[in-house]
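Notes follow once the structure below has been shown.
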Amino acid sequence: MSVDLGLLVLRVAVGVVIMGHGLLKVGWVGTGGSISGVAGWFNGLGFRPGLFWAWVSTLAEAGGGLLTILGLGGPIGPNVVAADLVVVTIVAHVPKGFWAQVGGWEFPVPVAAGAFAIALIGNGRWSLDAVLGVSVPDQLAIAWAALLAVGVALALILHAAAPKPKPA
């Protein structure tokens, strides 16, 4: 029971934080969020077209977070969250150092690690997967993780190959 309770707590904590972050990008929670603003941020990072990457990250965070909270779809939601956070951490947070107060990787890495741990361990008995009798075969979970790893690598390669803005 304690493992299942621990997984529920971890799923809700990771899922609520990352889902809220995704919904913030479209202005559904918090203040001031807009997909066009997020698109500009992605353009500034060198991800082109910024609007495409804004929607990718928004859907990954909001959708992956919701699946993680519900414990639905096996490792799909948590792996999407982890993949999203790996890319943004490498590109936007690592260059700023460790501390979150300066935009560093202090915050996204534990959230990504929590999501990845859920994907590895499973959603537990206190999840919609358990209630509905959903079971994701190991081969499918491995294939999904491999697909996301390719997606992360492709996103990082595209970012590295993108023309960089010239300093003013």
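Of VAL29, VAL91, VAL9, the sequence from fewest to most neighbouring Cβ atoms within 10 angstrom is VAL9, VAL29, VAL91.
Sorted from largest to smallest, which semi-axis lengths in Å does the alpha carbon gyration tensor of the range 107-159 give for its equivalent ellipsoid, taking the root of 5 times each eigenvalue?
Working: eigenvalues 128, 50, 11 Å².
Ellipsoid semi-axes (Å, largest first): 25, 16, 8.
Positive-end ranking of VAL86, PHE116, LEU132 along the dipole of the chain, with charges on Cβ about the Cα centre, is headed by VAL86. The charge dipole of the range 2-161, taken about the Cα centre with unit charges on the Cβ atoms of Lys, Arg (+1) and Asp, Glu (-1), comes to about 260 debye, rounded to the nearest 20.
With just the Cα atoms defining each centre, how far is the range 89-168 from the range 25-57? Give it in Å. So the separation of the two Cα centres works out to 18 Å. Computed from the Kirkwood radius of its Cα pairs, the Stokes-Einstein diffusion coefficient for the chain at 25 °C and 0.890 mPa s stands at 149 µm²/s. If you bin all the Cα-Cα distances of the range 54-151 at 5 Å, starting from zero, the percentages per bin are 3, 14, 22, 23, 18, 11, 6, 3, 1.
Only Cα sites of the range 1-47 enter the Debye sum here, all with the same form factor; the resulting log10 I(q)/I(0) across q = 0.30 1/Å is -0.97, listed in q order. Per-residue ellipticity at 222 nm, computed for the chain from helices alone with -39500 (n - 2.57) per DSSP H run of at least four residues, works out to -22000 deg cm²/dmol.
Treat each spin label as a single point 7 Å out from the Cα along the C-beta direction, and report the GLN139 to GLN101 distance in nm. Result: 5.3 nm between the two label points.
Just so you know, all these numbers are worked out from the coordinates, no wet-lab data involved. As the structure is a prediction and not an experimental result, all values here were calculated from the model. Cβ: placed from backbone, ideal geometry, glycine included. Neighbour counts: every protein chain shown.
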